Structures are given as structure tokens and as C-alpha cells.
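Single-structure report; data block below.
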Amino acid sequence: MLRGTIGILFLASLALARVGYGPGEQDWGYVDVRPGAHMFYWLYYTTADVVQYTDRPLVIWLQGGPGASSTGYGNFEELGPLTLEGEERNFTWVRNYNVLFIDNPVGSGFSYVDDQSLLTKTNEEIANDLVTFMKEFYRRHPEFQLIDLHIFSESYGGKMAAEFAYVLDKEIKLGNIVCQLKSAGLGDAWISPIDSMISWAPYLWDIGAVDREGERRVAAATELTRIALDEGRFVDSTNLWGYTEQVISEVTYGIDFYNVLFKKTYRDAMAKIQDLRMDRPRAMYRTLVKFDARDARDDMLDDLMNGPVKQTLEIPEEVRWGSQSWPTFNVLREDFMKPVTDVVELLLNTTQVEVIVFSGQLDLIVATPGTVMWVDRLKYPQKEQYVTSKREGLGVDGILEGYYKTAGRFFMYWVNRAGHMVPADNPAAMDFILQRATGVPAS
């Protein structure tokens with residue numbers, strides 16, 4: 001009976017598959033997660049050589065920021081079927097999985113609100129919107145209710161993904177949604193911001209980016225941030241995060257926060273320092289949402305999304321991709337520095353969801369040493385097993401792409417030759433991580 005049901009759902013869903021922008025069958029649209037709050041999604045059906053697309057899992061991708069666009073950055077810069085230049089990507093996730101990009105929170109990308117008072121102000125509100133979205137998504141695509149779901153994410157998206165997975169699991173247990181949630185992938189995730197910051201000074205010293213005076217200045221700015229956070233001055237701690245970014249830019253002459261090996265011109269570095277001195281909140285936004293030194297590519301992406309993509313997908317004329325990203329980012333300043341390690345522990349202690357943490361060794365903004373700090377403090381039944389387990393080498397085609405440790409439902413991956421954007425920087429390692437999570441063999 002179940003096989004027949006799947007077949008009926010599959011045939012019914014074919015009517016939703018459309019020719020969109022780029023290769024393969026797609027679907028896209030809006031879900032009103034609250035009155036006046038419109039969340040946009042873009043679904044790519046897998047191009048894997050399978051009898052039907054429901055033979056492969058559904059993988060959600062959540063971008064960071066907050067305010068960065070999954071349908072834009074994640075799609076065209078990291079893992080979608082096309083690159084920003086319009087070329088077919090060799091390592092697209094669509095090759096093996098059904099991929100769902102969600103512009104989240106509302107206000108990101110093509111998502112929008114009718115009034116800015118409707119923007120989400122906390123991580124819990126973001127998670128609730130995402131669960132509401134999934135209920136409607138499954139109503140439109142009921143065949144995916146019976147398919148494994150994996151939530152993967154990056155940066156602030158990891159903070160959102162952890163809470164989303166936890167709230168979604170609760171709704172599943174209450175019988176409010178039918179969903180086969182299997183894992184939450186937290187890539188270079190903003191889970192414990194202060195741990196990331198504490199690692200900055202020693203990390204910069206270790207790679208030779210600062211001298212002792214520079215290390216001292218970065219550590220001192222970080223300490224001011226920690227004190228504000230401990231005292232519950234959350235907006236102040238966010239502002240001091242920006243001040244620490246300014247100090248790092250000054251003492252390193254503008255090192256790239258997303259990949260310490262990224263080449264930057266001296267002129268761009270000096271402009272970034274001046275930007276931070278003149279208008280720190282906007283400069284923080286440009287770092288976290290606009291990806292800083294990649295401004296030229298940012299302009300290319302803006303032109304693509306508000307030009308050919310908008311036209312092909314028939315986005316309403318009054319909606320401009322990215323136009324609400326700044327208020328979306330700004331309204332979360334109170335929540336920005338708050339950790340969600342407790343939510344990760346809840347996932348490990350109260351659910352059957354696998355928690356997958358992966359970190360690029362060349363990332364500064366969420367540096368690997370800071371991630372290891374909060375991972376080492378987690379409390380869950382298999383913790384002792386994790387501590388004593390051997391770290392394995394992550395080998396792909398005879399190349400050492402990183403390392404990993406596992407225990408129970410927890411997985412930690414160290415990724416070589418990758419910065420903040422692991423799917424783009426080291427797609428071979430990312431493929432390995434996905435295969436381990438989903439059980440889908442390499443194609």
C-alpha cells in the first residue's frame with residue numbers, strides 16, 4: 001500500500017515540476033508563514049540516475065548573515081547546478097539530492113515582509129517560521145513527507161538550523177507534521193559566537209598574521225565583548241564584535257574573514273578599515289551578509305538575481321532581491337551574540353537527529369579552534385566515547401581532505417583547504433560528509 005501511495009504522490013507532484021532558470025526540473029514560490037510575511041523557496045529535483053526523484057533524500061540549505069540569501073549565495077556561489085558565471089557546476093548537490101533553498105529569515109533574498117515590524121527578532125521566531133513553511137511545503141509536495149530530510153547550513157544559518165531542527169522534531173512528535181528528519185548539518189556555524197572570538201587572537205598569531213602587539217589588541221577587544229555578553233548587554237556585545245573586527249582589520253591590514261588565504265588588494269583593505277571606523281553597523285552588515293572583499297561578485301549576483309532570475313521565475317515586480325537584507329540583519333542585533341549550544345545539546349539528548357559539525361581550517365570568522373571549544377563542552381550520553389575515539393583521516397581519491405571523529409549521533413569534521421564556504425572551497429570533502437550523512441553512495 002505504501003509503494004502505491006508513493007507512486008500516486010509522485011505522479012501528482014509532476015505537475016509542479018517546471019522549467020526554471022538553469023538545467024533540470026525545478027519548483028519555486030512563496031509561503032506566507034504569517035500574515036504579511038512571505039518566505040521564498042527554490043526547489044531543484046535531483047538529476048541523479050534514479051527511477052524517480054523520491055529515490056533520493058531532500059536536503060535543505062540555509063544561508064547565514066543573518067540576511068544572506070540561500071537562493072542567491074548558496075545556489076550560485078556554492079552548491080547549485082550553475083555557477084555565477086552561468087557554467088554547470090561539477091560538484092552540484094543536485095547531482096545526488098533534491099535540494100531546497102529557502103530565503104530565510106523573511107526579508108532575506110526574495111523573501112519579504114509587508115511591514116518591517118513583521119521581521120523575526122529571535123532565533124526561536126525564525127525556527128517557528130521555518131516549521132510553518134515546511135507544513136505548507138509538504139502540503140504542496142506530499143511525496144517528500146516519506147523521504148529522508150537533512151537540514152544543512154552555513155555560518156548564522158547553523159544557528160538557525162539547530163533551533164529549526166529541534167522545533168521541527170517537537171512538531172513531528174506532537175503529530176503536527178509528517179516528516180522524516182534525519183540530520184542537522186552545521187557548517188562553520190555561529191553556535192557559540194564568543195568561543196569563535198576568543199580563538200581569533202591565538203589563531204592570527206599562529207598563522208603569522210599579527211605580532212604580539214596585534215595579538216594583545218585583538219584579545220583585549222574580545223575581552224570587552226565577553227564582559228558585555230556575560231552582563232547581558234547583548235546589543236553592546238554585538239557592537240563590540242564589530243569593534244573587534246575593526247581591530248583585526250587594522251592590525252592585519254584587512255585579512256579576509258572568510259578565508260585567510262584570500263587575496264585582497266591593499267586599497268581594498270584600507271577602504272575596509274575606513275568603512276569600519278565611519279559606519280561600523282553597516283560595515284558589519286557588509287562583512288556578514290555581502291561577503292566583504294567579494295564586492296565585484298556581489299554586484300554580479302545582484303544583477304543576476306534581479307535580472308534574468310527574477311524575470312524567469314516571474315517574481316513580483318515590486319520585490320527586489322536583497323532589498324530587505326539590511327533591516328533583517330539589523331533587527332537581530334539583540335540575538336546575534338547569544339549562543340545556542342544548549343539547543344545542540346537538546347538535539348543530542350532528546351531527539352534521534354544526527355548532529356554534523358564541519359569546519360574549514362582557513363576560516364577566521366568561525367575559526368576551527370573556537371568550534372572545537374564549544375564542541376568539547378557539549379554534554380550528551382556518548383560524550384566519553386567521542387573524547388576517547390580516534391580521529392580518522394578523511395580521504396577522497398587518495399587525497400587527505402580533512403579529519404573526522406564520531407560518537408553516537410554526533411559527527412565532527414575538520415576540512416582541509418577550506419574557509420568559511422566549505423561546499424565551494426572543498427567540494428570533495430563536502431561530498432564525503434553528505435554521503436556519510438545520507439547513505440547515498442558516490443556517483
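The values are calculated or read from the model by the stated rules, or taken from the named source; none is laboratory data. If you're wondering where the values come from, they're calculated on a predicted model, not measured in any experiment. Methodologically, a virtual Cβ is constructed for each residue, glycine included, from the backbone with ideal geometry; neighbour enumeration extends over all protein chains shown. Please note that ligands, DNA and RNA were not included when accessible areas were found on the heavy atoms of the full protein model with its side chains. Shrake-Rupley method; radii C 1.70, N 1.55, O 1.52, S 1.80 Å.
What full-extension length gain, to one decimal in nm, is calculated for Arg297 and Ala17 as 0.36 nm per residue of separation minus the Cα-Cα distance? Before the final figure, lay out each step's value.
On the way: separation 280, 0.36 × 280 = 100.80 nm, distance 3.00 nm.
That pair, Arg297 and Ala17, stretches by 97.8 nm at full extension.
Check the straight Cα-Cα distances from Lys272 and name the lysines below 25 Å, setting aside those fewer than 8 residues away within the same chain.
Lys263, Lys264, Lys290
With every protein chain left in place, what is the accessible area per residue of the chain in square angstrom, probe 1.4 Å?
Value returned for the chain: 39 Å² of accessible area per residue.
Over all directions, average the projected area of the Cα convex hull of the chain and note it in nm².
Taking a quarter of the hull surface, the average projection is 21.0 nm².
Given segment 337-394, report the % of alpha carbon pairs whose separation exceeds 19 Å.
Numbers: 595 of 1653 pairs.
Taking all Cα-Cα pairs of segment 337-394, the fraction more than 19 Å apart is 36 percent.
Only loop residues by DSSP count here, and only those with at most 16 other Cβ atoms within 10 Å; note down the trypsin sites (Lys or Arg not before Pro) in segment 339-388 that meet that.
Working: sites: Arg377, Lys379, Lys383; in loops: Lys379.
Answer by residue number: Lys379.
Sorted by packing (mean other beta-carbon atoms within 10 Å per residue), highest first, where do 389-402, 304-317 land?
On the way: 389-402: 13.4, 304-317: 15.1.
Ranked from most to least packed, the peptides come out as 304-317, 389-402.
Could you state the number of Å between the C-alpha centres of segment 145-169 and segment 61-80?
The two parts, judged by their Cα centres, are 15 Å apart.
Quickly work out the Thr312-to-Thr341 label distance, labels modelled 7 Å from Cα along the C-beta direction, and quote it in nm with one decimal.
Reported label-point gap for Thr341 and Thr312 is 4.4 nm.
I'd like the carbon and sulfur percentage of the solvent accessible area for the chain, probe radius 1.4 Å, heavy atoms only, ligands and nucleic acids excluded.
Numbers: 8910 of 17300 Å².
After summing per-atom areas, the C and S share lands at 51 percent.
Is the shape of segment 194-295 rounded, prolate or oblate, going by the alpha carbon gyration tensor and its root eigenvalues a ≥ b ≥ c, with a/c under 1.5 for rounded and a/b larger than b/c for prolate?
oblate
Divide by every residue of the chain the summed helix terms, -39500 (n - 2.57) for each DSSP H run of at least 4, and state the resulting mean residue ellipticity at 222 nm, rounded to the nearest 500 deg cm²/dmol. The partial results should precede the final answer.
On the way: 16 runs with 179 residues, N = 443.
Calculated from helices alone, the mean residue ellipticity at 222 nm is -12500 deg cm²/dmol.
Take each of the peptides 420-427, 145-152, average the number of other beta-carbon atoms within 10 Å over its residues, and list them starting from the highest.
Descending packing order for the listed peptides: 420-427, 145-152.
Identify the GluC sites (Glu not before Pro) of segment 331-386 meeting these criteria: DSSP loop state and at most 16 other C-beta atoms within 10 Å of the C-beta.
Sites meeting the loop and neighbour criteria: Glu334.
So for the pair Gln52, Phe91, with labels modelled 7 Å out along Cα→Cβ, what separation do we get in nm?
Going from the Gln52 label point to the Phe91 one covers 3.3 nm.
Just to confirm the number: angle between the C-alpha axis of helix 123-140 and the first principal axis of the chain, 0 to 90 degrees, nearest 10?
Approximately 20 degrees, to the nearest ten.
Quick one: angle between helix 266-278 and the longest Cα principal axis of the chain, in degrees between 0 and 90, rounded to 10, please.
The answer is roughly 90 degrees.
Pick out, from Asn75, Val210, Tyr21, the residue whose Cα sits farthest towards the positive end of the charge dipole of the chain, with +1 on the Cβ of Lys and Arg and -1 on the Cβ of Asp and Glu.
Positive-end residue among those listed: Val210.
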